[in-house]
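Step one of this worksheet: look at the structure below.
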Amino acid sequence: MEKGVSPLIAEIILIAAVFSIATAVIVVLGGVSFSVRTLDAKLGVDGFEWGSQRLVIYHLGGDVIREAFESREGSFRWKDLVVKRTGREVEPLNLRFNGKRLGYLIYEDMTSAPSGTLKNSATYQAENGWVRLTRAASNENGQLEYVLGTPPASFVVEFQLWAGGGTGGNATWFYAYCGSTPLWESSQAGGYVFAYNEYSDNLELYYNGTLLYSVRKTGMDDGRWHDARIVFDDKVIEMYIDNEYASRLRYIDYQAGGRKNKTLFGWGARTGGLTNEHRVRNLRMSYVQSQVYDFSPGDVLEFWMKDPLVIGDAITISYLPQNKLLYMNDIS
């Protein structure tokens, strides 16, 4: 059925084409078995035409591949598991491991309802792709909250915030390591609050209701989306808005080691006597340190490549410690 495949490769590859799906079931040297399925493939005049950049690898059984791949702040690299396209290592995009975005503790693109808990005035606005934490009304507060059973030692948070449409108050924040939900930026909730306060025109850092540090920043409630970034690396804390280095907040908390044992994380906002609508979207929380993942029977690894597979490409998957060939397909 498929042209250009050598007899040796043909011995270890069985290819079945059913309508618009091509499935390769591989009997692997060394006792490890995989099934690789590529969607949007169709049988053409000269063989298979591969129109998709998506590749899914199912670990059906056999050896555990130790330290198969690792992630850091949402970027990935292969370790003991190496995937190559025509001899060049593949750069995986939008990697998912067992259905989850690899490397992220929280990932919300707002194409569907967020997995966290909406509290008080917070609502998911599906038609707009954001969470509205407060309306432009008096004395509102809203939160989108997550429980992280094993709190990370360090993290990076990136999101977009919008404030405006009211009379000028009060703040949007991210909270971490809390024991209760902070309804205000200065709530005694047992953890950290990283506040973007348009009422006081400040970036503010609180711990358990105590202001640790603040930096002046105006214009946060101009009715535009702003990029927010928070880095908590061991004891060092940095807050940014719109990636502006000059207005960043930087603080070293020498007591941070004993303050990272509570499990509530999330986004919040409030109004008071003055009002603004507050929105958040494109929420990302990832590790600072590299996270290494094993690949075990039952695991599913899914990723996209920069360019689609074309006729003439070869895909190989190798397991480095034993140099086992896991899969090879000559698309010709």
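Just so it is clear, none of the values below were taken in a lab; they were calculated from the coordinates. Quantities reported herein were computed from a predicted structural model and do not represent experimental measurements. Note: ideal-geometry Cβ built from the backbone for every residue, glycine included; neighbour counts use all protein chains shown.
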In nm, spacing of pseudo-spin labels at Thr123 and Ser75 (7 Å Cα→C-beta vector) | 4.1
Of the cross-linked pairs Lys260/Lys306; Lys79/Lys262; Lys100/Lys262; Lys217/Lys306; Lys79/Lys100, which ones have a Cα-Cα span greater than 27 Å in the structure shown?
-> Lys260/Lys306; Lys79/Lys262; Lys217/Lys306
Residues whose built amide H sits under 5 Å from the amide H of Glu140, excluding neighbours closer than 5 in sequence, are Thr271, Gly272
Net charge near Met285, counting Lys/Arg +1 and Asp/Glu -1 over other residues with Cβ under 12 Å of its Cβ?
-> 0
Using a cut-off of 17 Å between alpha-carbon atoms, which aspartates and glutamates can reach Lys84, once sequence neighbours fewer than 8 places away in the same chain are excluded?
-> Glu70, Glu302, Asp307, Asp313, Asp330
Among residues other than Val131 whose Cβ falls under 10 Å from its Cβ, what is the net charge (Lys/Arg +1, Asp/Glu -1)?
-> +2
For segment 177-275, what does the alpha-carbon gyration tensor say about shape, rounded, prolate or oblate, given a ≥ b ≥ c as the root eigenvalues, a/c under 1.5 as rounded, and a/b over b/c as prolate?
-> oblate
Roughly what would the spin-label model give for Gln289 and Asn94, points 7 Å off Cα along C-beta, in nm?
-> 3.1
Where GluC sites (Glu not before Pro) fall in DSSP loop in segment 226-322, at most 11 other Cβ within 10 Å = Glu244
